[in-house]
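The values are calculated or read from the model by the stated rules, or taken from the named source; none is laboratory data. If you're wondering where the values come from, they're calculated on a predicted model, not measured in any experiment. Don't worry about glycine lacking a Cβ; one is built from the backbone with ideal geometry, like all the others, and counts go over all protein chains shown.
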């Protein structure tokens, strides 16, 4: 059964209007991408600062493989609630950030679509233990999609096998957020199958890349808040 305390993060917010709308919709967290190459939702530090200033809820600054010193400088300038590492960062980088920043540190881990279940589960559990011991406050399980020699991590709009997420969550003592392809018409199943501590959505609540759809945002939030009644 879904937890009534499941938290909701809306990621990839790109403008002040959406930041205010998401804040007022009942979401718990808002995510802003900064200096993420190739993402249509990535912002300059100047625009990110405007979005963070407009938000009325905690903001996570999502980055991808930035050098720790550069990320620390960004975070001290923009003053988000926390940072979310969405690349191939090592546990040592989490330790450095926890030592030098006052906010939370979240770590995204990406689950490949259609690969060996047991090995991926065990590998991910080991990573969660390592990152949690290093000080990571929350872990986000997202989708990795392999396209030839390229691996897309996050923002794919695709789900991974949620039975894997459920198994991973059962084996760790960590705050687990579920991401990857979540949208209003599959939230019910996600809550039932995984019972995550939180959910993290981006493309599933958009009318176009980087532009959030108020009706979709409110639909997802209503589904989560009514979780026990839906299942």
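One residue stands out in region 195-207 among those that are surrounded by fewer than 24 Cβ atoms within 10 Å (Cβ to Cβ) and in contact with a strand residue (DSSP E or B) (Cβ under 7 Å, 6 or more places away or on another chain): the one that is farthest from residue 171 (Cα to Cα), namely 206. Look at residue 137 and say whether it is out of contact with any helix residue (DSSP H, G or I) (no Cβ under 9 Å at 6 or more places or on another chain) and farther than 21 Å from residue 158 by Cα. Here the answer is no, as residue 137 does not meet what is asked. Within region 112-124, the only residue that satisfies the criterion of being assigned to a helix (DSSP H, G or I) and under 18 Å from the mean Cα position of the chain (by Cα) is 124.
Residues in region 93-111 that are surrounded by 17 or more Cβ atoms within 10 Å (Cβ to Cβ) and either in contact with a strand residue (DSSP E or B) (Cβ under 6 Å, 6 or more places away or on another chain) or not in a helix (DSSP H, G or I) (or both): 12 in all. Is it true that some residue in region 110-133 is in contact (Cβ under 8 Å) with a residue 12 or more places away in the chain and under 19 Å from residue 30 (Cα atoms)? No. Looking at 223, 165, just one residue is assigned to a helix (DSSP H, G or I), modelled with pLDDT under 95, surrounded by 19 or more Cβ atoms within 10 Å (Cβ to Cβ) and in contact with a helix residue (DSSP H, G or I) (Cβ under 8 Å, 6 or more places away or on another chain), and that residue is 223.
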